[in-house]
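Please read the structure below before turning to the comments.
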Amino acid sequence: MEKKLKWNAIGLLKKTEKLLKHLQKEKENTPPSHLSEIRKLDGFIEELTYLLSRMNSIDQSLVPELENKFRIVFPTPEMIYIALSRPSIRTVYENLKSFLYRKSDAILTEDEFAELGASGDAGNVLALVGDAVLDLAIVQTLWDSSIATVGKLTEERTKIVSNEHLAKVSDEWHLFNYRLNRLKEPTKKESKIETIVHEKATLVEAIYGVIYLEFGFEELVRLVPMVKYP
């Protein structure tokens, strides 16, 4: 019997909004002469504003697009934020926690900060899950009862799950443009092509990881053609 995997929602959007409003109020109450404090606040405000703009874009554009493409409704849209989160955002939340706790300003608990910081790592775990179940779903879709065709199955499966192919799927779905990453990360032009291709493929795998967690293996099998033919 299939055991359903599940993650609880952590309130990534609402807690980030809460932090941003708090920092904006802090800046308003900081004397103009405290330039160092204001610069730190400005840096955090800029980072959180950037992340929130990405989350809102995911909500308003990407989620409806994927739901229309897959003919499903995501019960927990936050899972898509997490699927597109990159490990670098941990630095944003950890630095902010250190800054606020030094001021004895515990607007969120340590556990809440830990969950926010772990979002990017969770994105990689979703990709790991997606990679595993997508591989099996593709084999099931391509399966032929004739042993003589096993070589063709292996060849076709390898082609579909290759980083190059999945990167094309990612481009078709515009996933790379919705990543939740640090504002000052290297731009696409400054990154190695192989790194970008791998990251694009990882984003597709993470989306399939969400589908598996939210809807189960049968639904994922139904959606295999979406990755076979971008």
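What follows is calculated from the coordinates using simple rules that are stated; it is not laboratory data. Predicted model, so just to flag it, every value in this text is computed and none were measured. All Cβ positions, glycine included, derive from the backbone under ideal geometry; neighbour counts span all protein chains shown.
Quick notes
- Between 0 and 90 degrees, the angle of helix 163-173 with respect to the longest Cα principal axis of the chain falls at about 70 degrees.
- In this rough spin-label picture, where each label sits 7 Å from Cα along the Cβ direction, the Glu219-Ser57 distance is 2.6 nm.
- Region 22-90 versus region 201-230: alpha-carbon centroid distance in Å: 25 Å
- Overall form of region 12-228 per C-alpha gyration tensor (a/c, 1.5; a/b vs b/c): prolate
- Note on Val139 and Arg39: the model spin-label points, each 7 Å out from Cα along the C-beta direction, lie 5.6 nm apart.
- The angle separating the long axis of helix 119-142 from the principal Cα axis of greatest extent in the chain is about 10 degrees.
- Rounded to whole Å, the principal axis extents of the Cα atoms in region 58-176 read 69, 27, 23, largest first.
- When each of the peptides 113-119, 168-174, 65-71 is scored by how many other beta carbons lie within 10 Å of its residues on average, the order from highest to lowest is 113-119, 168-174, 65-71.
- Each of Phe44, Phe215 was scored by other Cβ atoms within 10 Å of its Cβ. Arranged with the fewest first, they read Phe215, Phe44.
- Computed from Cα positions, the angle between helix 150-161 and the longest principal axis of the chain comes to roughly 20 degrees.
- Result for the chain in a Gaussian network model with C-alpha springs under 10 Å: among Val73, Val133, Val210, the largest mean-square fluctuation is at Val73.
- Between Tyr101 and Glu17, the simple spin-label model (points 7 angstrom out along Cα→Cβ) gives 2.7 nm.
- Neighbour net charge for Lys159 - beta-carbon separation under 12 angstrom, K R +1, D E -1: +1
- Annotated for region 12-81: lysine pairs at least 8 residues apart or interchain, Cα distance under 24 Å, count 11.
- FRET efficiency for Thr30 and Thr109, using Cβ-Cβ distance with R0 set to 22 Å, rounded to 0.05: 0.35
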